[in-house]
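Structure first, commentary second.
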Amino acid sequence: MRLSQAILLRLPALLIAGLLWFLSSQSTLPQPKGIFGWDKLQHFLAYGALGFAVGLWAFPSFWKRRPALALLLATLAGSAYGAIDEFHQYFVPGRECDVWDWIADTLGAFLGVLALMLCMRILKMNGKKGN
C-alpha cells in the first residue's frame with residue numbers, strides 16, 4: 001500500500017472523530033421536537049460512520065487473516081472513543097455523560113465495522129467476477 005493510499009484510508013476516521021469532538025463540545029445542538037430516541041439514533045449513526053472509517057485503518061491482509069479480531073479491535077476503538085467523548089461531555093455546560101449514549105455509540109461502531117466487512121466482501125466477489 002502506497003503512503004498516499006494509507007493516508008487517504010485513515011483520513012476519514014480522523015475527520016469524523018474531530019467533527020464528533022467539535023459537536024460534543026457545544027452546549028446545545030438543534031434537535032427535532034417530538035421524536036423519541038432521536039439523540040440515540042444520532043449517536044448510533046455517527047459512530048456507525050466512525051466504525052466504518054476506523055475499520056479502514058487495518059491493512060487488507062489483516063482483514064483477510066483475522067477478520068474477527070479486526071472487527072473486535074475496530075469496534076473497541078470506536079467504543080473507547082465514545083466513552084472518552086461521553087466523559088468529555090461531563091465538563092461541557094448543558095451536556096451530560098450518559099451511559100445509554102455510549103451504548104448507542106458502541107452499537108453504531110460495531111454495525112459500521114460490519115458494514116465495512118460486507119462492502120469488502122462485495123468488492124472481493126465483484127473482483128473475482130471481473131477476472
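Quick rundown of the values:
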quantity: Nearest-ten-degree value, helix 3-24 long axis tilted from longest Cα axis of the chain; calculated: 10 degrees
quantity: Residue order, fewest to most beta carbons within 10 Å, for 119, 97; calculated: 119, 97
quantity: Kirkwood Rh and Cα Rg combined as Rg over Rh, evaluated for the chain; calculated: 1.05
quantity: Tilt relative to the chain, helix 67-89 - C-alpha long axis, 0 to 90 degrees, to 10; calculated: 20 degrees
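Rule-based calculations on the coordinates, nothing more; no lab input. What you are looking at is a predicted structure, and each value in this text was computed from that prediction instead of being measured. Cβ: placed from backbone, ideal geometry, glycine included. Neighbour counts: every protein chain shown.
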